[in-house]
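Peer 1: Below is one structure. I have some questions about it.
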Amino acid sequence: MPASVTKTRVWRREAAATLGLAAPLVLTNLTQAAIQATDVLLLGWLGPRSLAAGALGSNIYVAFLIFGMGLVTAASPLMSRQIGAMPHSVRDVRRTVRQTMWAAVTMAVPVMLILWHSETLLIWLGQEPALAHQAARFVRAIEWGFIPALFYLVLRGYVAALEQPTWALLIGTLGVVFNAFLNYSLIFGKHGLPALGIVGAGIGSSITQTMMFAGMAIVVVTHKRFRRYRLFGRFWRADWRRYKTVWRLGAPIAMTLGLEITIFNAAVFLMGIVGTAALAAHAIAIQVASFTFMVPLGLSQAATVRVGLALGRRDAAGIARAGWTAWVMGVGFMTCTAVVMWTIPRPIIGLFLETHSAADAEVVGLAVSFLAIAAIFQIVDGAQAVGSGMLRGLHDTKIPMLFAAFGYWVVGLAVALWLGFHRHMGGVGIWIGLASGLAVVAVLMLARWLSRERLGLMGDAT
């Protein structure tokens, strides 16, 4: 058989494996986002002030949750590399799961203390005191689901490392349905439950996160593919070497995700300075971008696993195939969405606003401009997201964190401020700044990936 045919088949197998792993991860990410969106949607039925308070509280809670998600993401490359090196390894995988959960608790305790005082924090950030009080009531109820949410993410990473992510998708889908039913009942006093309003939304989401973790725990304890790892055996036993490894690898990932979400939070404040219309248009454009981002995010997670498995096998060619396959898929998908945004922006905006309404004309016009820039934004955002996942598979997290700090907070913020206010481009300038920062990070990530052998990132695989 010709070598070219064999090579094509190898790449096709890699593409199939990547898609098979990424598809459930993409859908699982969407279910996680849907749980938060359900809270805000249901609170909107209570009235605009409850909606505003719920959105405010949800934003501050999710910001800390994403930081925690970055920390526990360290488990995925650690387990993938070990499984790639020793497919039947049990003890090492169990050590990683246990100590990642320990690290999650270590981080969660101070975070929960901060969230308990979120009213003070929100007032310090300039929010209306009455609104901050309502938001804090929501946060104090939802924060009890913080640790279960992180534990669920650890187990999701575990089943993904074993290339069995469908279980996380199943539990996540059930979680969305359960959360909608329970929150509706607790907010409005249905099905024999008390009407707790905004507090009910927080309680319902906390219970949902706990049930999702419990569901995943039952799966990994009882399913024949997972139970031999005995993940919760001797859970109390310390393993300080692995605990430090989790922090060494996970802290930079957490900082990278934190730097990204905070620059988008900063963009919201900047849009508020520009004006209400710009803020509303920004909300539409960023919602569209956030939805499509779930695909490269899932491919990024798949790339981490696939690259990690090849790294464990010391397979340099496999590392290259795994990384480039996910990258091409991610950038290719985002290019397709960019074309859609370029060609039919008004129908997209019509999902949120009446595009022919004179009252909304200014917002619609700005949203069209923002989506044109978001089209470019899509491509570079996909490139940097998957590029980051590729490097995580090589256990390379510290330098990418510095790339994120430079790209988002030096280049991106500077361009946004200069174009938005000095050059009087308003919201368009801010969006160009965001896209510029993402483009710089994407280029730096790709350059580091191309230099992986020279930099010694592949260890014995070279």
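The values are calculated or read from the model by the stated rules, or taken from the named source; none is laboratory data. The structure displayed is predicted, hence computed values, not measured ones. Virtual Cβ from ideal backbone geometry, glycine too; neighbours counted across all protein chains shown.
Peer 1: So, in segment 299-334, of the ones that are assigned to a helix (DSSP H, G or I) and out of contact with any helix residue (DSSP H, G or I) (no Cβ under 6 Å at 6 or more places or on another chain), which residue ends up surrounded by the most Cβ atoms within 10 Å (Cβ to Cβ)?
Peer 2: That would be ALA320.
Peer 1: Which one is nearest to GLN378 (Cα to Cα) among residues in segment 334-363 that are small (Gly, Ala, Ser) and modelled with pLDDT under 90?
Peer 2: It comes out as GLY350.
Peer 1: Hey, another quick one. Name the helices (runs of 4 or more DSSP H) wholly inside segment 66-138 in which the number of residues that are of a type in the set (Lys, Arg) and either farther than 30 Å from ILE273 by Cβ or modelled with pLDDT of 95 or more (or both) is 2 or more.
Peer 2: Because the criterion is at least 2 residues that are of a type in the set (Lys, Arg) and either farther than 30 Å from ILE273 by Cβ or modelled with pLDDT of 95 or more (or both), the helices (runs of 4 or more DSSP H) in segment 66-138 that meet it are 91-116.
Peer 1: Identify, by number, the condition in (1) of a type in the set (Ser, Thr, Tyr); (2) within 22 Å of ILE273 (Cβ to Cβ); (3) surrounded by 20 or more Cβ atoms within 10 Å (Cβ to Cβ) that SER388 doesn't meet.
Peer 2: (2)
Peer 1: Just one of ILE187, ILE147 is more than 20 Å from ILE66 (Cα to Cα) and either more than 25 Å from the chain's Cα centre (by Cα) or of a type in the set (Val, Ile, Thr) (or both); which is it? Full working, then the answer.
Peer 2: Values: ILE147 fails: more than 20 Å from ILE66 (Cα to Cα).
One residue alone meets the criteria, ILE187.
Peer 1: Taking only pairs six or more apart or across chains, which ones have beta-carbon atoms under 7 Å, a first residue in segment 419-434 that is in contact (Cβ under 8 Å) with a residue 12 or more places away in the chain, and a second residue that is of a type in the set (D, E, K, R) and surrounded by fewer than 20 Cβ atoms within 10 Å (Cβ to Cβ)?
Peer 2: Qualifying pairs under 7 Å: GLY429/ARG423.
Peer 1: Quick check on VAL305: is it within 29 Å of TYR61 (Cβ to Cβ) and either in the same structural domain as LEU391 (by TED's automatic domain parsing) or modelled with pLDDT under 85 (or both)?
Peer 2: Working: within 29 Å of TYR61 (Cβ to Cβ): yes; either in the same structural domain as LEU391 (by TED's automatic domain parsing) or modelled with pLDDT under 85 (or both): yes.
In short, yes.
Peer 1: Checking the conditions here, which among THR106, THR120 is of a type in the set (Ser, Thr, Tyr), surrounded by fewer than 17 Cβ atoms within 10 Å (Cβ to Cβ) and more than 23 Å from the chain's Cα centre (by Cα)?
Peer 2: THR120 is the lone residue from the list that is of a type in the set (Ser, Thr, Tyr), surrounded by fewer than 17 Cβ atoms within 10 Å (Cβ to Cβ) and more than 23 Å from the chain's Cα centre (by Cα).
Peer 1: Scan PHE269, PHE264, PHE293 and give me the residue that is within 30 Å of GLU354 (Cβ to Cβ), aromatic (Phe, Trp, Tyr), assigned to a helix (DSSP H, G or I) and out of contact with any helix residue (DSSP H, G or I) (no Cβ under 8 Å at 6 or more places or on another chain).
Peer 2: The conditions single out PHE269.
Peer 1: Do any residues in segment 336-362 that are in contact (Cβ under 8 Å) with a residue 12 or more places away in the chain have Cβ atoms under 6 Å from those of residues that are of a type in the set (Ser, Thr, Tyr), where the two are at least six apart or on different chains, and which pairs are they?
Peer 2: Cβ pairs passing all conditions: THR337/THR292; ARG346/THR355; ILE349/THR355.
Peer 1: Among the residues of segment 184-191, is any within 29 Å of THR397 (Cβ to Cβ), touching a residue at least 40 places away in the same chain (Cβ under 8 Å) and of a type in the set (A, V, I, L, M, F, W, C)? Give the steps one after another, and end with the answer.
Peer 2: From segment 184-191, those within 29 Å of THR397 (Cβ to Cβ) are none; that's our starting set.
No, the conditions are met nowhere in segment 184-191.
Peer 1: Give the residue that is farthest from the chain's Cα centre (by Cα), with candidates limited to residues of segment 281-302 that are among the polar types (S, T, N, Q) and at pLDDT below 85.
Peer 2: Among residues in segment 281-302 that are among the polar types (S, T, N, Q) and at pLDDT below 85, the one farthest from the chain's Cα centre (by Cα) is GLN287.
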